[in-house]
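K.L.:
Sharing a structure below in structure tokens format, with a few things to ask.
The values are calculated or read from the model by the stated rules, or taken from the named source; none is laboratory data. Keep in mind the model is a prediction, meaning the values are calculated, not measured. Cβ atoms come from the backbone with ideal geometry, glycine included; neighbour counts cover every protein chain shown. Accessible surface areas use protein heavy atoms only, side chains included; no ligands, DNA or RNA. Shrake-Rupley method; radii C 1.70, N 1.55, O 1.52, S 1.80 Å.
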Amino acid sequence: MTGPAAGTGRALYGCMGLGGSWDDSAYTAADVGHAEAAVGAALDAGITAFDHADIYRRGKSEAVFGELLSASPGLRARIILQSKCGIRLPDGERPGLYDLRGPTIVRRVEESLARLRTDTLDVLLLHRPDPLARPEEIAGALGSLHRQGLVRRFGVSNMSAAQIARLREQLDVPLVVNQLEMSLGHRAWVEDGVLVNTAASAGNGFPHGTVEYCAANGIGLQAWGALARGRFTGGSPTPTGDLVRALAESKGTTPETIVLWWLQRHPAGIAPVIGTTRPARIAACRDAVLREPGLTHEEWYELWISARGAPLP
């Protein structure tokens with residue numbers, strides 16, 4: 001089994017919901033208070049790794065978090081701080097694009113550090129593949145950031161095995177993380193392996209072998225969208241939601257924990273990124289941080305088959 005990604009523990013808190021709106025308006029004192037409550041709930045749940053990206057709330061997620069670090073001087077030493085770069089959001093008539101040019105990577109990291117009010121990122125992820133990126137240029141930028149002490153470790157996000165392998169050929173620093181959308185509601189990553197040689201494989205867009213490649217090369221997996229946007233833990237009753245609740249009751253835990261345990265039970269050592277900003281829902285994930293995944297082999301398959309809505313091929 002691969003260990004927790006980049007030493008981030010069993011789960012991370014995703015900060016994409018902090019910082020107010022997704023426009024250029026300034027964040028407010030209420031936004032800071034909202035962030036303080038969410039981060040406090042994450043810490044109380046045993047989470048010590050926090051996931052950012054320079055684009056979240058157009059930089060305001062990092063800025064609000066920086067205010068929390070400034071107000072609590074001992075906090076930075078207690079946490080793992082992770083951020084991402086490589087996406088440029090649309091701005092007026094200028095379209096959005098992916099940008100992994102070397103100078104851009106360095107500049108965006110420097111800007112993130114300024115917003116976060118810290119000297120170092122524990123982990124930097126390249127947010128999306130850039131078709132125009134030159135691996136040797138990326139390698140130069142990451143090597144420079146590492147030598148300057150601005151970033152300790154590196155990873156990628158939303159990349160396939162082939163893309164990671166091509167990048168690793170040029171790097172002098174290891175890649176320790178790949179962050180992908182993975183959940184009980186987004187199952188292409190696991191179904192990729194079992195749908196081989198079936199008609200259903202044509203509809204599966206997940207890059208084949210990526211999970212196996214990461215596990216074989218010591219690259220930890222982080223799952224964004226891990227709670228499946230509440231699909232199985234709230235709202236209208238569904239057969240899978242009913243099963244999740246029944247398992248939670250029988251094991252003395254919460255539905256959120258069952259959904260996260262389904263990810264964590266996989267031998268690749270997946271660390272879910274918990275993105276809700278509601279303190280009560282963050283607290284409901286506590287057992288996924290502090291307890292070993294409590295699903296049997298049969299229960300894991302029962303959840304999978306229920307969520308698929310069809311038997312395995």
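K.L.:
If the requirement is being open to solvent by 50 Å² or more (accessible area, probe 1.4 Å) and part of a helix (DSSP H, G or I), which of these qualifies: ALA63, ALA77, ALA26, ALA38?
P.N.:
Only one candidate passes the filter, namely ALA77.
K.L.:
For the stretch 228-253, give me each residue that is part of a helix (DSSP H, G or I), open to solvent by less than 60 Å² (accessible area, probe 1.4 Å), touching a residue at least 24 places away in the same chain (Cβ under 8 Å) and closer than 14 Å to SER306 by Cβ.
P.N.:
Those that are part of a helix (DSSP H, G or I), open to solvent by less than 60 Å² (accessible area, probe 1.4 Å), touching a residue at least 24 places away in the same chain (Cβ under 8 Å) and closer than 14 Å to SER306 by Cβ: ALA228, THR240, LEU243, VAL244, LEU247.
K.L.:
Just wondering, is there one or more residues in the stretch 84-92 that are of a type outside the set (D, E, K, R), modelled with pLDDT of 95 or more and not in a loop (DSSP other than H, G, I, E, B)?
P.N.:
Checked the stretch 84-92: at least one residue is of a type outside the set (D, E, K, R), modelled with pLDDT of 95 or more and not in a loop (DSSP other than H, G, I, E, B).
K.L.:
Of the numbered conditions (1) of a type outside the set (Phe, Trp, Tyr); (2) free of Cβ contacts under 8 Å to residues at least 40 places away in the same chain; (3) open to solvent by less than 70 Å² (accessible area, probe 1.4 Å); (4) in a loop (DSSP other than H, G, I, E, B), THR104 fails exactly one; give the number of that condition.
P.N.:
Result: THR104 fails condition (4) only.
K.L.:
State which residue is nearest to ILE270 (Cα to Cα) when the search covers only the stretch 10-23 and only residues that are in contact with a Ser or Thr (Cβ under 6 Å, 6 or more places away or on another chain) and outside any helix (DSSP H, G or I).
P.N.:
Here the residue is LEU18.
K.L.:
How about the stretch 107-134: which of its residues are open to solvent by 20 Å² or more (accessible area, probe 1.4 Å) and in a helix (DSSP H, G or I)?
P.N.:
ARG107, ARG108, GLU110, GLU111, ALA114, ARG115
K.L.:
Follow-up question, since we're still on this one. Please enumerate the residues belonging to the stretch 135-152 that are open to solvent by 80 Å² or more (accessible area, probe 1.4 Å) and either assigned to a strand (DSSP E or B) or of a type in the set (A, V, I, L, M) (or both).
P.N.:
Across the stretch 135-152, the qualifying residue is only ARG152.
K.L.:
Which of the residues spanning the stretch 159-194 are small (Gly, Ala, Ser) and free of Cβ contacts under 8 Å to residues at least 40 places away in the same chain?
P.N.:
ALA188, GLY193
K.L.:
Got a sec? Which of ALA162, ALA200 is among the hydrophobic types (A, V, I, L, M, F, W, C), part of a helix (DSSP H, G or I) and modelled with pLDDT under 95?
P.N.:
ALA200
K.L.:
Hey, can you tell me all the residues within the stretch 254-267 that are surrounded by 19 or more Cβ atoms within 10 Å (Cβ to Cβ) and more than 15 Å from GLU299 (Cβ to Cβ)?
P.N.:
Within the stretch 254-267, THR254, GLU256 meet the criteria.
K.L.:
Something else now. Restricting the search to the stretch 287-311, which residues are open to solvent by less than 60 Å² (accessible area, probe 1.4 Å), in contact with a helix residue (DSSP H, G or I) (Cβ under 8 Å, 6 or more places away or on another chain) and assigned to a loop (DSSP other than H, G, I, E, B)?
P.N.:
If the condition is that a residue be open to solvent by less than 60 Å² (accessible area, probe 1.4 Å), in contact with a helix residue (DSSP H, G or I) (Cβ under 8 Å, 6 or more places away or on another chain) and assigned to a loop (DSSP other than H, G, I, E, B), then PRO293, GLY294, LEU295 are the ones that fit.
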